[in-house]
1. Once you put a point 7 Å from the Cα of A:ALA164 and another 7 Å from the Cα of A:ALA116, both along the Cβ direction, what distance in nm separates them?
2. May I ask for log10 I(q)/I(0) of region A:74-117 at q = 0.13, 0.30, 0.33, 0.34 Å⁻¹, from a Debye sum over the Cα atoms as equal point scatterers with solvent left out?
3. In percent, how large is the relative contact order of region A:40-119, given Cα pairs closer than 8 Å and 6 or more residues apart?
4. Give the relative contact order (percent, whole number) for chain A; include only Cα pairs under 8 Å separated by 6+ residues.
5. How would chain A be classified by its alpha-carbon gyration tensor: rounded, prolate or oblate, with rounded meaning a/c under 1.5 and the a/b versus b/c comparison settling the rest?
6. 222 nm [θ] for the protein assembly as shown, helices only, -39500 (n - 2.57) per DSSP H run of 4+, per residue, to 500?
7. Given a 1.4 Å probe and heavy atoms of the protein chains only, how would you sort A:LYS160, A:LYS254, A:LYS244, largest accessible area at the top?
8. Taking a probe of 1.4 Å, how large is the accessible area per residue of region A:1-144, in Å²?
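The values are calculated or read from the model by the stated rules, or taken from the named source; none is laboratory data. No experiment lies behind these values; they were computed from the predicted model shown. Methodologically, a virtual Cβ is constructed for each residue, glycine included, from the backbone with ideal geometry; neighbour enumeration extends over all protein chains shown. For accessibility, only protein heavy atoms count, side chains too; no ligands or nucleic acids. Shrake-Rupley method; radii C 1.70, N 1.55, O 1.52, S 1.80 Å.
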Amino acid sequence: MWNSFSTAGPLGITAEIITFPGGNGDEIHAYVARPVTDAPLPGIVLVHHMPGWDEFYLETAERLARHGYEVICPDLYCRYGHGTPDDVAAKVRSEGGVRDDSVVADCAAALAWLRARPNHNGKVGIIGTCSGGRHSVLVASRVKGFNAVVDLWGGGVVAKPEEATPARPVAPIEYTADLEAPLLGIFGNEDQSPTPEQVDIHEEALRQAGKAYEFHRYDGAGHGFMYYHTTMYRPTQAMDAWNKVFRFFATHLKA
Amino acid sequence: MCTMIATNTPIRGVGMGADGWFPLTQATVGYDHATHSEDEHAVLIDFTNYDIGLHARVAVELDLESARAFVAQLQSVIAQAEASGVR
């Protein structure tokens, strides 16, 4: 739960930018945040959204670390050059978006990086918002070794064939049979992507495939309702959702 | 949603950025998440010169109604310019 630490001994955290071998062995940046402790730690791969490797994601990494996880948030746009997150995201947009295969490779490398940490407890989750939610489902389906996956309103998990692009050739729902990690899905009922109908389609695919999942849908919330830096923010729904994320990760990564 | 709607056009002109005027080589027009306007989605227009760097960008976000009005205004001015015979 958020704001439920003991004042007798709350976890401090450290955070830094690292360079690590991402997909294809390319050296890319990542933001790493971890609790200050020698105790075994579960890991989380944090997958940023389309607006890029931005301040919201750096702060989200710190939030997750404060709840007891070693978090790595790779810069999936690192190969496009550097500048403000907005400028980099504009460049990526002009090139049709980052390729799914590139994201999968970078997140697989981030998983390997976490598993090699000296005080790793052997469990790793993956989470992202928006395109990062879609990518989280995609990565957890195509890369073995994740123990929990959280999709925060990932648009495009369900997509028509005609919506495929060179960068995003296959909708993640097509890989449902390959998903081994339990999935937590968080959605706003006023979202246009994913629409409630698309969430239903994804849920039915998971159910039919016998996958472990839990979906939560919030009234009065649309896309990005946990983005506290936007007018889309809905604090009541967002904090309830955060607590569901913390509980889900604790169940699957700390037990 | 991430619509991934974006198209590029080579252009010739100049734009005013944070460091002053610079030559433009490309216009990208998209419709996707707004990054700064209060709309969830917006028409995203970037005038850029990536030969200079990612910072060489003049960015605009418009709602659809404004984009339509802007296009009409642009076409009207172009028509008047062509009719004037002035080059």
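1. About 3.4 nm, to one decimal.
2. Each listed q maps to, in turn, -0.33, -1.02, -1.12, -1.16.
3. Details: 86 pairs, mean separation 28.6, N = 80.
It comes to 36 percent, rounded to a whole number.
4. Working: 532 pairs, mean separation 42.2, N = 255.
After rounding, I find 17 percent.
5. Working: a/c = 1.34, a/b = 1.13, b/c = 1.18.
Judged from the Cα gyration tensor, chain A comes out rounded (a/c under 1.5).
6. On the way: 7 runs with 99 residues, N = 342.
Helix-only estimate at 222 nm: -9500 deg cm²/dmol.
7. On the way: A:LYS160 120, A:LYS254 100, A:LYS244 35 Å².
I get A:LYS160, A:LYS254, A:LYS244, largest accessible area first.
8. Numbers: 5400 Å² over 144 residues.
In whole numbers, region A:1-144 has 37 Å² accessible per residue.
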